[in-house]
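J.: I'd like to ask some things about the structure below.
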Amino acid sequence: MTIYLHQEDLPPDVLAPGSIAIDTETMGLQTPRDRLCLVQISDGRGDEHLVRFAAGSDYAAPNLRAVLADPARLKLYHFARFDLAAIRHYLGVVAAPVYCTKIASRLIRTYTDRHGLKELVRELLGQEISKQQQTSDWGAPELSDAQKEYAASDVRYLHAMKVKLDDRLIREGRMALAQSCFDFLPARAELDLAGWPEIDIFAHV
Ligand code: MN
């Protein structure tokens with residue numbers, strides 16, 4: 001269980017084959033304005049890899065791009081919409097195929113409106129994660145140990161949560177609907193970047 005910090009790219013061959021959990025940290029919520037600072041990855045085996053981008057980075061990152069664009073690797077996110085837009089904008093790749101734990105949660109946990117990662121990890125896995133560093137300065141020259149731990153914990157539980165969420169999606173007969181929503185997420189992120197961030201194009205008005 002180790003957190004590895006890398007600068008500007010993922011080293012080659014550090015991930016086991018198969019699905020990977022992905023999260024990003026940025027300077028804020030407006031993707032074109034607020035630069036991508038960190039991409040976190042877990043292959044579900046217990047280690048987390050953090051790839052850090054300095055101010056002024058060219059985001060070349062060939063190894064990271066190849067992993068993110070690999071159609072053979074399912075990418076697990078919590079709120080994929082945001083991460084897909086940031087990755088698309090800064091790294092130039094569509095990081096699909098997609099599984100989003102927040103969308104899955106919305107489709108099965110209809111008894112609550114609390115679909116944050118902290119809440120989901122607590123209910124499904126009985127684990128506690130801290131959200132204290134969420135709004136910290138991810139562009140700082142050095143990341144603190146608390147930031148590294150927070151960033152890593154955002155990808156640490158996604159594989160285990162997928163197992164639980166899949167059980168519940170099957171039980172409630174909503175797996176096919178969930179899959180359709182996951183498949184749409186790259187287009188939803190593209191709409192965010194293309195100028196329809198808060199507009200529901202499916203709405204009547
Ligand atoms: Mn995060």
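Values quoted throughout were computed directly from the atomic coordinates according to the rules given, and no laboratory measurement underlies them. Bear in mind that the values here come from a model prediction, so they are computed numbers and not experimental data. Glycine gets a Cβ as well: all are built from the backbone with ideal geometry, and neighbour counts include every protein chain shown.
J.: By how many nm would the segment from THR2 to ASP145 grow when fully extended, if each residue of separation counts as 0.36 nm and the alpha-carbon distance is taken off?
T.: 50.2 nm
J.: Which value, in debye to the nearest 20, describes the size of the charge dipole of the chain about its Cα centre when Lys and Arg Cβ atoms bear +1, Asp and Glu Cβ atoms bear -1, and nothing else is charged? Provide the component values of the computation, followed by the final result.
T.: Details: 24 positive and 29 negative charges, 132 e Å.
Around 640 debye, computed over the chain.
J.: Calculate how many DSSP beta bridges within the chain are antiparallel, expressed in % of all such bridges and rounded to the nearest 5. All intermediate terms of the calculation are to be shown ahead of the outcome.
T.: On the way: 10 of 20 bridges.
Expressed as a percentage, antiparallel bridges in the chain total about 50.
J.: Roughly speaking, what is the stretch gain from ASP137 to LEU125, that is 0.36 nm per residue apart minus the C-alpha to C-alpha distance, in nm to one decimal? Let's see the in-between values first.
T.: Working: separation 12, 0.36 × 12 = 4.32 nm, distance 2.89 nm.
Stretched fully, the ASP137-LEU125 segment lengthens by 1.4 nm.
J.: Just check the stretch 111-205 against the gyration tensor rule for me: Cα atoms, a ≥ b ≥ c as the square roots of the eigenvalues, rounded for a/c under 1.5, and otherwise prolate or oblate depending on whether a/b exceeds b/c.
T.: On the way: a/c = 2.35, a/b = 1.21, b/c = 1.94.
Since a/c reaches 1.5 but b/c is at least a/b, the shape of the stretch 111-205 is classed as oblate.
J.: Let me ask you something else. For ARG106 and PHE202, calculate 0.36 nm times their separation in residues minus their Cα-Cα distance, and state this gained length in nm to one decimal.
T.: Length gained between ARG106 and PHE202: 32.7 nm.
J.: May I ask for the net charge around ILE201, where only other residues with Cβ less than 13 Å from the Cβ of ILE201 are counted and Lys, Arg are +1 while Asp, Glu are -1? Working shown, then result.
T.: Values: positive: ARG188; negative: GLU190, ASP192, GLU198, ASP200.
Once positives and negatives cancel, what remains is -3.
J.: Put a dot 7 Å past each Cα toward the Cβ at GLN30 and ARG174; how far apart are the dots in nm?
T.: 3.4 nm
J.: Could you list the chymotrypsin sites (Phe, Trp or Tyr not before Pro) in the stretch 92-171 that lie in coil according to DSSP, counting only those with at most 15 other Cβ atoms within 10 Å of their Cβ? Could you put the intermediate results ahead of the total?
T.: Numbers: sites: TYR99, TYR111, TRP138, TYR150, TYR157; in loops: TYR111, TRP138, TYR157.
For chymotrypsin sites (Phe, Trp or Tyr not before Pro) across the stretch 92-171 that sit outside H, G, I, E and B with at most 15 neighbouring Cβ atoms in 10 Å, the list reads TYR111.
J.: Could you compute how fast the chain diffuses translationally, taking Rh as the Kirkwood radius over C-alpha pairs and applying Stokes-Einstein at 20 °C with viscosity 1.002 mPa s? Give it in µm² per second. Could the numbers behind the result be given before it?
T.: Values: Rh = 17.4 Å.
The Stokes-Einstein estimate is 123 µm²/s.
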